[in-house]
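Heads up, the thing below is written out as structure tokens.
The values are calculated or read from the model by the stated rules, or taken from the named source; none is laboratory data. Nothing here was measured: the structure is a model prediction, and the numbers come from that model. Virtual Cβ from ideal backbone geometry, glycine too; neighbours counted across all protein chains shown.
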Amino acid sequence: MRRGDLLWGASLAAVIALFVLPSTATFLLDFNAHHAYVMGFVKFALLATMGELLVIRLEEGDWRRPAWLWAKSLVWGMVGVFVVLMFSLFNTGVQGAGAKGLLPIGGEGWPRSLLVAFWTSFIMNLTFGPVFMAAHRISDAWIEDRSKGGRRAFGDVVAAVDWKRFLGFVVGKTIPLFWIPVHTLVFLLPSEYRILAAALLSIALGVILTWGKRAKAGLVDKSGSNVEKEAKR
């Protein structure tokens, strides 16, 4: 284990501890209640950027600060602002639709909470989710181009995105198999912890996608033996 691994893990533990320890949690939760957009920006800018660094560590075997990391952090921060708004809009909307009999959300207690959480996640990820992911994919491509000194036109940047993989894998697989289930769990949490959980999920998904690419490509370990498992096993 490298020193960078320990530093990254300690940083993540420290962020989580801030929201768990009574001495800091009370202040942060109160600040979040009055400045939700600011906290959303900070949580995503910090945690999702940590996720970006972790993905590089997993892919390349070492820690590296990518060019224009500040721009990616800024984009992630803006994502956090939109997530704060969308979480509230969709959750409130689902409850309002349920009250009018437009969605089956049950009566009271645990079944109702679960159904509200599920419908919120389901509708949000099938509407806002793909649009947000596409916009983020385009911004990543633009930042990547600029970080390498490129000056491609916006239309060329959009055309360079692998939309076939985006629709087939990101939309077709990660939304139904990952985002809808985990966001259902997120919406079962108290509202003040949902954005933090969503930011942490960006790290988890990065790890999942990285290992998925490795498994698909087939890795070779240090002894030279192929460690890719056959797909049929």
Going through S223, S202 one at a time, which residue ends up being out of contact with any Asp or Glu (no Cβ under 6 Å at 6 or more places or on another chain), in a helix (DSSP H, G or I) and either surrounded by 14 or more Cβ atoms within 10 Å (Cβ to Cβ) or at pLDDT below 90 (or both)? S202
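Residues checked against (1) closer than 18 Å to R194 by Cα; (2) of a type outside the set (K, R):
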position: R2; (1), (2): no, no
position: V20; (1), (2): yes, yes
position: L29; (1), (2): yes, yes
position: L46; (1), (2): yes, yes
position: I56; (1), (2): no, yes
position: D62; (1), (2): no, yes
position: W70; (1), (2): no, yes
position: V81; (1), (2): yes, yes
Is there any pair with a first residue in segment 115-141 that is without any contact (Cβ under 8 Å) to a residue 12 or more places away in the chain and farther than 13 Å from P181 by Cβ and a second that is assigned to a helix (DSSP H, G or I) and of a type in the set (S, T, N, Q) whose Cβ atoms are under 6 Å apart and which are 6 or more apart or on different chains, and what are they? none
Being surrounded by fewer than 19 Cβ atoms within 10 Å (Cβ to Cβ), under 21 Å from the mean Cα position of the chain (by Cα), over 20 Å from L69 (Cβ atoms) and of a type in the set (G, A, S) is the filter here; which residues of segment 121-164 pass it? A134
I want to confirm something. Restricting to segment 17-35 and keeping residues that are in contact (Cβ under 8 Å) with a residue 40 or more places away in the chain and in a helix (DSSP H, G or I), which single residue is surrounded by the most Cβ atoms within 10 Å (Cβ to Cβ)? N32
Output yes when any residue across segment 66-86 is without any contact (Cβ under 8 Å) to a residue 12 or more places away in the chain and either among the small types (G, A, S) or farther than 14 Å from F41 by Cα (or both), and no when none is. no
For segment 82-120: of the residues being touching a Lys or Arg at 6+ places or on another chain (Cβ under 9 Å) and outside any helix (DSSP H, G or I), which is surrounded by the fewest Cβ atoms within 10 Å (Cβ to Cβ)? G106
Matching residues in segment 153-172 - criterion: being in a helix (DSSP H, G or I) and touching a residue at least 24 places away in the same chain (Cβ under 8 Å): F166, V170, V171
Sort out which residues of segment 37-65 are without any contact (Cβ under 8 Å) to a residue 40 or more places away in the chain and not in a helix (DSSP H, G or I), and write them in order of number. G61, R64, R65
Checking G150 against (1) in contact (Cβ under 8 Å) with a residue 40 or more places away in the chain; (2) within 28 Å of M50 (Cβ to Cβ); (3) of a type in the set (G, A, S), only one condition comes out false. Which one? (1)
What's the number of the condition P130 fails, among (1) at pLDDT 95 or above; (2) touching a Leu at 6+ places or on another chain (Cβ under 9 Å)? (1)
